[in-house]
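Written below as structure tokens is the structure these notes are about.
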Amino acid sequence: MDRVSKHNYYLDIAETVSERSTCLRKHYGAIIVKNDSIISTGYNGAPRGRKNCDDIGSCMRETLGIPRGERYELCRSVHAEANAIIAAPREQMLGATLYMVGVDSKSGELVPGTSSCMMCKRQVINAGIERVIVRDTATDFRIIEVKDWIENDDSLSGVFGY
């Protein structure tokens, strides 16, 4: 039996974290890793103390037919990356790697092409995270250098994330 790669090991953990998601559309899990230690984890769900979409039984963005990448202010959830960042001290995030996995909540299939939204990109940049690794299939992933988000500022072009 082949040993799982380090990146897929951490992506497997992020995928397990996504199982805590309370979103009716997509389940996302994120973990921040530095020096082979998990610094924090996060999944998408309503802020602490507020009702989650799965408790309410509806999603405002889905009800209104809002496409992916638009009108996040109508979403009850804090994104997985943001929750992982909130849970970690900044000095431990400097130079770290954020691993992220998205799963369709209805089909259970991985969400290929997942990327951070513009708000989360800004948080990742400010946290000092060095790279983001995103799962596309059970074994395939993309490595994104955060410096590319800084150099290629998509907030000026109107291109949006997940």
Interchain or sequence-distant (5+) residues whose placed amide H lies within less than 5 Å of the amide H of PHE141 are ASP136
Sites ASP104 and SER37, calculated FRET efficiency, Cβ-Cβ separation with R0 25 Å, nearest 0.05: 0.25
Under 19 Å Cα-Cα from LYS34, which lysines qualify once same-chain neighbours fewer than 8 residues away are excluded? LYS6, LYS121, LYS147
GLY42 neighbourhood, Cβ < 11 Å, K/R = +1, D/E = -1, net charge 0
The range 125-151 to the range 62-78: how many Å between their Cα centroids? 23 Å
Cut-off 10 angstrom, C-alpha nodes, Gaussian network model of the chain. Which of LYS147, LYS106, LYS121 fluctuates the most? LYS106
Among bridges DSSP assigns within the chain, what percent are antiparallel (round to 5)? 85 percent
Return the sequence-ordered ³J(HN,Hα) values of the range 147-154 in whole Hz as given by the Karplus equation 6.51 cos²θ - 1.76 cosθ + 1.60 applied to θ = phi - 60°, using x for Gly and Pro. 4, 5, 5, 6, 6, 10, 5, 6
Which of ASN152, ASN44, ASN126 fluctuates most in a GNM of the chain (C-alpha springs under 10 Å)? That residue is ASN152
At a Cα cut-off below 18 Å, give the aspartates and glutamates reachable from LYS26, other chains included and same-chain residues fewer than 8 away excluded. ASP12, GLU15, ASP54, ASP55, GLU62, GLU70, GLU73, GLU81, ASP104, GLU109, ASP136
Mean-square fluctuation check for the chain, GNM, Cα pairs under 10 Å: which of GLY29, GLY42, GLY95 is largest? GLY95
Residue-span extension gain [ILE66 to GLU145] - 0.36 nm each, minus C-alpha spacing: 25.5 nm
Go through the range 118-127 residue by residue and turn each phi into a ³J(HN,Hα) via Karplus (6.51, -1.76, 1.60, θ = phi - 60°); whole Hz please, and just put x for glycine and proline. 4, 5, 5, 4, 4, 5, 4, 4, 5, 6
Give the label of the value calculated from the structure for volume of the Cα convex hull per residue in Å³, choosing from (i) 116; (ii) 99; (iii) 132. (i)
Which whole-Hz ³J(HN,Hα) couplings does the range 76-81 yield from phi under the Karplus relation 6.51 cos²θ - 1.76 cosθ + 1.60, θ = phi - 60°, glycine and proline marked x? 6, 7, 8, 5, 4, 4
For VAL78, list long-range residues whose amide hydrogen, built 1.01 Å from N in the peptide plane, is under 5 Å from its own amide hydrogen. GLY45, ALA46
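Laboratory data are not the source of any read-out in this text; all were calculated from the coordinates shown. A quick note: this is a predicted structure, and the numbers were derived from the prediction, not measured. Quick reminder, even Gly has a Cβ in these numbers, built from the backbone with ideal geometry, and neighbours come from all protein chains shown.
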